[in-house]
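Novice: A single structure is presented below for examination.
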Amino acid sequence: MHIVKDTNTRCIVCGSSDFRVYRQISSRLNDIPPGLVRGNFIEVTILKCTKCGLLRSHQEGENRKKTTEIYEESINLEQSISKISNDYSSAYTVDELDWLGEPNGENILEIGCSAGYFLIRARARGWNTYGIDIDRNAVKYARENYNLNVTCGSVSESSYPANYFKAIVLIGVLEHIPDPIDFLNIIQGFLKPDGVIMLAVPNVLSLNAKLSRFSQHDWDMFCEPGHLYHFNIKTLSFLAERCSLAVSEWRTATIKIRGKIPFLPVRIPRLERLIQTFCKKNTLFRTIYEASLRLLDYAKLGDILAVKVVKK
């Protein structure tokens, strides 16, 4: 076991400076699967904390360059827009809004709202919606096309009132944050005492992550630029505890609009696009496909780890 002593970068969960090399990935793809923003050639090393098990990425070359692009200006607006549907349906096997419960006219904040997929649906359900994103193009799109109350900027620069939101939602955000503890401490100040924070991150213990070990490309979430940390329920619970928060409930989900087949160790873009087409044209096919994805959630092996955390 190769132990890496990194005194400059301590584990965000437990503070240890001891990591071991968990994966070394070199992946070259000519056809990028739907929903990904990675480049054609990726080199990334995944390090694992020897004390708590948290995984973190050490990215080089093209992936590091793309990570910089993501933080300066989103390069994934088109993928966000593709989630928006005319019938306000969820893009996932688990409806995020059903999980949050009745809105009762309460305030909800989405951090990383992008084009407004979630907020459009939340507003239709009766929530009083707010959003924030660092991508000026996404914010402009959400305002001009859906008249959403969204702000361009970072959470650390925001001026939301204390104890203002009944729910704060982060979908695909926490894994991008360099200092999640500072970040969670800031946002919980905006949360009502009886409020809830919903976090959704890639599930490092998903079936797809396990099967992808047999592929030379490994798990696609390891190869995405900007993914700094990779959580399971144990490390995410430890992180919440560091912020005086507690996990009240957790489950998994899988995106159902990309045509992805999580039961395979590799992604086949041509096949995924065919599945997308069949799902749009054939209701029976779509029902069977989505049912197969929900089987993963019953075993908590879906692609996305979703947790609800509350104040202690």
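The values are calculated or read from the model by the stated rules, or taken from the named source; none is laboratory data. Nothing here was measured: the structure is a model prediction, and the numbers come from that model. Cβ sites come from the backbone with ideal geometry, for glycine too, and all protein chains shown count toward neighbours.
Novice: Please specify each residue of segment 225-254 satisfying the condition of being aliphatic (A, V, I, L, M) and in contact with a Gly (Cβ under 7 Å, 6 or more places away or on another chain).
Specialist: ALA253 - this is the single residue of segment 225-254 that is aliphatic (A, V, I, L, M) and in contact with a Gly (Cβ under 7 Å, 6 or more places away or on another chain).
Novice: Assess whether LEU36 counts as being modelled with pLDDT of 90 or more, aliphatic (A, V, I, L, M) and closer than 23 Å to ILE304 by Cα.
Specialist: no
Residue by residue, here is whether (1) within 19 Å of LYS308 (Cβ to Cβ); (2) aliphatic (A, V, I, L, M); (3) out of contact with any Asp or Glu (no Cβ under 6 Å at 6 or more places or on another chain); (4) assigned to a loop (DSSP other than H, G, I, E, B) holds:
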position: SER156; (1), (2), (3), (4): no, no, yes, no
position: LYS166; (1), (2), (3), (4): yes, no, no, no
position: PRO178; (1), (2), (3), (4): no, no, yes, yes
position: LYS192; (1), (2), (3), (4): yes, no, yes, no
position: ILE197; (1), (2), (3), (4): yes, yes, yes, no
position: VAL201; (1), (2), (3), (4): yes, yes, no, no
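Novice: So which residues in segment 78-98 are modelled with pLDDT of 90 or more and of a type in the set (Phe, Trp, Tyr)?
Specialist: Of everything in segment 78-98, just one residue is modelled with pLDDT of 90 or more and of a type in the set (Phe, Trp, Tyr), namely TYR92.
Listed here are the residues, each with its yes/no results for (1) of a type in the set (D, E, K, R); (2) modelled with pLDDT of 90 or more; (3) within 20 Å of the chain's Cα centre (by Cα); (4) within 24 Å of ILE84 (Cβ to Cβ).
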{"position": "LYS210", "(1), (2), (3), (4)": "yes, yes, yes, no"}
{"position": "ILE233", "(1), (2), (3), (4)": "no, yes, yes, no"}
{"position": "SER248", "(1), (2), (3), (4)": "no, yes, yes, no"}
{"position": "ARG270", "(1), (2), (3), (4)": "yes, yes, no, no"}
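Novice: Ok, one more. Cβ-Cβ below 6 Å, separation at least six or inter-chain, first residue in segment 130-141 and touching a residue at least 60 places away in the same chain (Cβ under 8 Å) and crowded, with 19+ Cβ neighbours inside 10 Å, second of a type in the set (A, V, I, L, M, F, W, C) and in a helix (DSSP H, G or I): which pairs?
Specialist: ALA138/LEU77
Novice: Something else now. So which of LYS234, LYS280, LYS260 is crowded, with 18+ Cβ neighbours inside 10 Å and either within 23 Å of GLY39 (Cα to Cα) or among the basic types (Lys, Arg) (or both)?
Specialist: None of the other options fit; the residue is LYS260.
Novice: Another question, then. I want to confirm something. Restricting to segment 123-136 and keeping residues that are over 30 Å from ASN232 (Cα atoms) and touching a strand residue (DSSP E or B) at 6+ places or on another chain (Cβ under 9 Å), which single residue is modelled with the lowest pLDDT?
Specialist: Checking each candidate, the answer is ARG136.
Rundown of residues vs (1) basic (Lys, Arg); (2) within 19 Å of the chain's Cα centre (by Cα); (3) modelled with pLDDT of 95 or more, yes/no style:
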residue: TYR160; (1), (2), (3): no, no, no
residue: TYR164; (1), (2), (3): no, no, yes
residue: ALA167; (1), (2), (3): no, yes, yes
residue: GLY172; (1), (2), (3): no, yes, no
residue: PRO178; (1), (2), (3): no, yes, no
residue: ILE187; (1), (2), (3): no, yes, yes
residue: LYS192; (1), (2), (3): yes, no, yes
residue: SER206; (1), (2), (3): no, yes, yes
residue: ARG213; (1), (2), (3): yes, no, no
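Novice: Only residues that are surrounded by fewer than 24 Cβ atoms within 10 Å (Cβ to Cβ), outside any strand (DSSP E or B) and in contact with a helix residue (DSSP H, G or I) (Cβ under 7 Å, 6 or more places away or on another chain): list them for segment 237-252, please.
Specialist: Listed by number, the residues that qualify are ARG242, CYS243.
Novice: Would you check if there is a residue in segment 119-141 being closer than 20 Å to ALA246 by Cα and in contact with a Pro (Cβ under 9 Å, 6 or more places away or on another chain)?
Specialist: No: zero hits.
Novice: Of the residues LEU239, LEU174, LEU205, LEU199, which is in contact (Cβ under 8 Å) with a residue 12 or more places away in the chain, touching a strand residue (DSSP E or B) at 6+ places or on another chain (Cβ under 8 Å) and over 30 Å from ASN40 (Cα atoms)?
Specialist: LEU239
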